[in-house]
Amino acid sequence: MRQPRSALFAAALLAATALCVPASAAQSNPNEHPGRASNLVVESTTELGPITQNPHNAARDNGQSVRYGNQSVWFFDDTILKDPDGFLTSTAATTSDLDASDNITMTAANPFDEHSTGVPPEFVPFSAAETAFQTEHASADCTNSTDEYCGTVFAHWPGPVVADQARHRILVSYGKLCRGGRVGTPCESGFVGQAQGTGLVSVDMNSKTVTRLTATNRPADIPSPEGTDNTLFFPVGQDWTGQAMVLVGNTLYGYGKCTLDGCAVAKVPVAQVTDISQWRFYAGANGNGTPQWSTDPTKAVQVKANGAAGSTVYWDSAFGAYVNTYMQFLAQDVMYQTAPNPWGPWSTPNKLFTAAKTSGTEYAAFAHPEYTSADGLTKYYTYYTSSTGAQMLVKVRFAKGS
């Protein structure tokens, strides 16, 4: 099923508001860093043009990445294919091209083999129950159907990503959607559809397998049209990990529970990431400035800015701080803010650059820390433009301010 590129834009807007997806490329750092951020300022920005992608790719949005070993591994949402025409809800790729100064070449069809230049497959696997549900309700024409789920399909949008080196895996957050159903059903809103919740995919870099992790000890089942989905970690409205993730030593921090005003943060030992009872939610600091972590997600407070289609949170040595990079809602400006710890306090946002305006819409801007120059002052970012379906690469050079 080939979809118009305008549908990708609508999809990303839903991801930004309902799912808090898409999110972050992140690198781990062994300890929190309570030091003060370096006084870096933007010196120059350069548009490097679209990155080179798989020859069967016509358009795909989102586009977050993480370094694993000597490669950069990327994850995308809705993907339009050509030769042959096709449509996928998620794809992935890998490249050993870690020098972005002359742009990035990434033609792989999967996240394991950079020489696999065939037609990309679906990245996030569908469950047997989802596949059976789609088959049961499939139809070429639902106009006069009495089936309220006629034409319903599922989608899984990859978002924030971290490399869990100790377990030889990459963890990818994803938001689940049900779309194509009738108005008034859990799958209404046509192509864009309705959010169902957030889960995690494990990309095993040794066995080269992709697995949707199963959540345990959830406080309540999370329903889905095909039945209870045990791979969903969090319900709509919480979506921890859906906005951004960062791995700090053995602790995974996930940002979610977003509104247009900002996002909250939770943490969990990464070895116990599937055990929902082990998650703790930042509830602010006490009078001495000590962070308070609650077992109750309703106690979570907003800490950082919310990005359209997600954001990137990572530790940056040049800044001497954690950095949150994001694109403003329905705007061309890409912003950043810094903090000494994943929970903050986050600084007032500053502008990184303004994305070039086209006849389409620009969104889903992310940082790619694995491409940072040796001196730490040249950094690279991408954003998606719906007019061409391209991932646009931008180089930003920083200087030390007074």
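For the stretch 211-234 versus the stretch 269-300, the inter-centroid distance based on Cα atoms is 21 Å. By a 1.4 Å probe calculation restricted to protein chains, residue 51 has an accessible surface near 10 Å², given to the nearest 10. Placing 115, 56, 368 in order of accessible area, with the largest value first and a 1.4 Å probe, yields 115, 56, 368. Between the stretch 47-103 and the stretch 368-402, the alpha-carbon centres lie 16 Å apart. Across the protein chains, with a 1.4 Å probe defining accessible surface, the residues 375, 296 rank 375, 296 from largest area downward. Considering only alpha-carbon pairs that sit under 8 angstrom and 6 or more positions apart, the relative contact order computed for the stretch 229-307 is 24 percent.
Computed over protein heavy atoms with a 1.4 angstrom probe, the accessible surface ordering of 83, 77, largest first, is 83, 77. A probe of 1.4 angstrom, applied to the heavy atoms of all protein chains, finds residue 362 with accessible area near 10 square angstrom. Looking at the chain, the accessible area is 37 square angstrom per residue; that uses a 1.4 Å probe and ignores ligands, DNA and RNA. Normalised by the number of residues in the chain, the average gap of Cα pairs under 8 Å and 6 or more apart makes the relative contact order 21 percent. For residue 97, the solvent-accessible surface computed with a 1.4 Å probe is close to 40 Å², ligands and nucleic acids excluded. Here residue 257 is the anchor, and the lysines within straight C-alpha reach of less than 20 Å, apart from those fewer than 8 places off in the same chain, are 176, 267, 299, 304.
Comparing mean-square fluctuations of 326, 149, 363 from a GNM of the chain with C-alpha springs under 10 Å, the top value falls on 149. To put it simply, the accessible area of the stretch 73-166 at a 1.4 Å probe is 51 percent carbon and sulfur. DSSP beta bridges fully contained in the chain are about 95 percent antiparallel.
The values are calculated or read from the model by the stated rules, or taken from the named source; none is laboratory data. All of these numbers come straight from a predicted model, not from anything done at the bench. The accessibility values were calculated without ligands, DNA or RNA, using every heavy atom of the protein model including side chains. Shrake-Rupley method; radii C 1.70, N 1.55, O 1.52, S 1.80 Å.
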